[in-house]
Amino acid sequence: MEAALLAFAHWLEAAGVGPWGRSGSWAYPFVNSVHLLGLVMLVGGIGVVDLRLAGLWRSLPAGALSRALTPVALCGLALLFRLVWQRRVEAGGEVPPLIGRTSALASLAMWLGVGTLGRLIAYS
C-alpha cells in the first residue's frame, strides 16, 4: 500500500500538480477548500442520518432521509452504509432498532474524533 501511495505521489509530481501547488498563493487554499467541502458533504450527510437514527426528528421518515442524504455523502467519499444498513433503516419505522441507534451514535462519535484528530495533525 505504501509503495502504491508513493508511486501515486510521484505521478502527481510528474503531472505538474506538485509544482502547481507550490507555485501560487491560491493553490493551497483552493485545494484545502475543496477538501473541506468534501468533508462537510460526507460528515454532514452521515451526521444528519445518524442523528435521525439516534432518535431526533422522528417525524421525518428515516428511509427517505437516508435516500436523500446518502448521495451527498457518497460525493464526499464512497461508502458502504447504504448497501449494509438501508433495508434495516427503512424497516425501522419511526423508532429504529437499538442496533441502528447505537451504530448512529458510534458513527457520530467516530466522525467527530476523525475531524478533531485530522485538525490536530497540523500541530504535531
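The selection criterion, being farther than 15 Å from Val40 by Cα and modelled with pLDDT under 70, holds for Leu83. The lone criterion from (1) in contact (Cβ under 8 Å) with a residue 40 or more places away in the chain; (2) out of contact with any helix residue (DSSP H, G or I) (no Cβ under 9 Å at 6 or more places or on another chain) left unmet by Val43 is number (2).
Would you pick out the residues in segment 7-62 that are charged (D, E, K, R) and either open to solvent by 100 Å² or more (accessible area, probe 1.4 Å) or at pLDDT below 80 (or both)?
So the first thing to find is which residues in segment 7-62 are charged (D, E, K, R), and the list is 13, 22, 50, 52, 58.
Listed by number, the residues that qualify are Arg22, Arg58.
The values are calculated or read from the model by the stated rules, or taken from the named source; none is laboratory data. None of these values were measured; they are calculated from a predicted model. Neighbour counts are summed over all protein chains in view; Cβ atoms, including those assigned to glycine, are modelled from backbone coordinates with ideal geometry. Remember, those area values only see protein heavy atoms, side chains included, never the ligands or the DNA or RNA. Shrake-Rupley method; radii C 1.70, N 1.55, O 1.52, S 1.80 Å.
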